[in-house]
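Chemist: This is the structure I have questions about; it appears just below.
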2 protein chains.
Amino acid sequence: MAAELSDILIRQARREDLPALVAMFAADALGGHGDTTEPEAFPDYLRAFAVIEASPDQTLYVAERGGEVVGTFQTMVTTSLTGCGSSAMIIEAVQTRADMRGQGIGALMIEFAIAKAKGRGVRLVQLTSNMMRRDAHRFYERLGFKPSHLGFKMALK
Amino acid sequence: MAAELSDILIRQARREDLPALVAMFAADALGGHGDTTEPEAFPDYLRAFAVIEASPDQTLYVAERGGEVVGTFQTMVTTSLTGCGSSAMIIEAVQTRADMRGQGIGALMIEFAIAKAKGRGVRLVQLTSNMMRRDAHRFYERLGFKPSHLGFKMALK
């Protein structure tokens, strides 16, 4: 697996990665986020990309293999008073392209995020995972995460 | 309860609220964040407050009654490609002062946050709650949140 993964590059997402990223999210049924490759929706993705790019706290990454986007995740560093004014990194929107799963790309992405968090002196890395994604839960526990919290959501639209 | 709550003001935290906020977090055993009112720790809280204040995505609030801080929470608005480039609000570090619980202050704070989220056109409000805080889980479900996710954390220090 290590040999296979030596050809994976993790880097910040660029504008030209957007079509591949949208296609990956659109192919994710369980997320149920209504993502679509319809051209009418593209300006909304462009706008969101610009917001993420401009934020000092948020970063969107891609995993690339042979010039193709094969995975993605996003990080957000938050600061809070709790923990004597500590910082935390939240990892969100982790996806590996369907035909690239089971090869360790997801683990590589999460380990990359953890290394970034350590580099920034962050106290804690956290994420939430849909209750139904049992495989994902085992994956995160293998990487050293503890399922210590319940994640509550409320849809507003 | 409504009559009692008409005297609660929710507003952005100010620098001079910090001692009261630190005392509230220090009194929270379950959080286990090592918060302390020791003067040596105060500069760290000040630094964190400055970071939050400077962030375009993060806002720290207090609930005030009769000039005293009786509750606090923090919001963070994140933008992601998923959901056609949608935004979400994360609510964190929700605390009501121990002697002020059971009066609806927590619900008022969360409803305030939800109203802010709606005002910003946010698609989703989310938060995580320690597995052991059963009362908090019932509280969030009563307010309309669904416990749809597992929250994973990894301490880095």
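Chemist: Take the Cβ-Cβ distance between residue A:141 and residue A:12 as r, set R0 to 22 Å, and report the resulting FRET efficiency rounded to the nearest 0.05.
Modeler: Numbers: r = 28 Å, r/R0 = 1.27.
After rounding to 0.05, the efficiency reads 0.20.
Chemist: Would you kindly work out the equivalent ellipsoid of segment A:54-157 from its C-alpha gyration tensor and give its semi-axes, the square roots of five times the eigenvalues, largest first in whole Å?
Modeler: Taking √(5λ) for each Cα gyration eigenvalue gives 23, 18, 15 Å.
Chemist: Continuing with the same structure: Between their Cα atoms, which of A:146/B:146; A:146/B:116; A:157/B:153; A:157/B:116; A:157/B:146; A:116/B:153 are more than 26 Å away from each other?
Modeler: A:146/B:116; A:157/B:153
Chemist: Quick one: if you stick a label point 7 Å off each Cα along the C-beta vector at residue B:37 and residue B:155, how many nm between them?
Modeler: Placing both labels 7 Å beyond Cα along the Cβ direction yields 2.4 nm.
Chemist: Moving to a separate point now. Suppose R0 equals 30 Å. What FRET efficiency, 1/(1 + (r/R0)^6) with r the Cβ-Cβ distance, do residue A:46 and residue B:118 give to the nearest 0.05?
Modeler: After rounding to 0.05, the efficiency reads 0.80.
Chemist: Same structure again: Put the label 7 Å from Cα along Cα→Cβ for residue B:7; what are its distances to the other copies, in nanometres, shortest first?
Modeler: 7.1
Chemist: Rounded to the nearest 0.05, what FRET efficiency do residue B:133 and residue B:53 have when you use their Cβ-Cβ distance and R0 = 35 Å? Provide the component values of the computation, followed by the final result.
Modeler: Numbers: r = 28 Å, r/R0 = 0.80.
That gives a FRET efficiency of 0.80.
Chemist: So what is the orientation-averaged projected area of the protein assembly as shown, using the convex hull of its C-alpha atoms, in nm²?
Modeler: Numbers: hull surface 65.3 nm².
Average projection, Cα convex hull of the protein assembly as shown: 16.3 nm².
Chemist: What do the square roots of 5 times the Cα gyration tensor eigenvalues come to for segment B:1-101, in whole Å, largest first, as semi-axes of the equivalent ellipsoid? Working shown, then result.
Modeler: Working: eigenvalues 120, 77, 35 Å².
Semi-axes (√(5λ), whole Å): 24, 20, 13.
Chemist: Determine ³J(HN,Hα), in whole Hz, for all residues of segment A:59-73 in sequence, where each value follows from phi through the Karplus function 6.51 cos²θ - 1.76 cosθ + 1.60 and θ = phi - 60°; x replaces Gly and Pro.
Modeler: Rounded to whole hertz, the list is 9, 9, 10, 10, 9, 10, 9, x, x, 10, 6, 10, x, 7, 7.
Laboratory data are not the source of any read-out in this text; all were calculated from the coordinates shown. Here the structure is a predicted model, which means the values were calculated and not measured. Note that each Cβ is placed from the backbone with ideal geometry, even for glycine, and that neighbours are counted across all protein chains shown.
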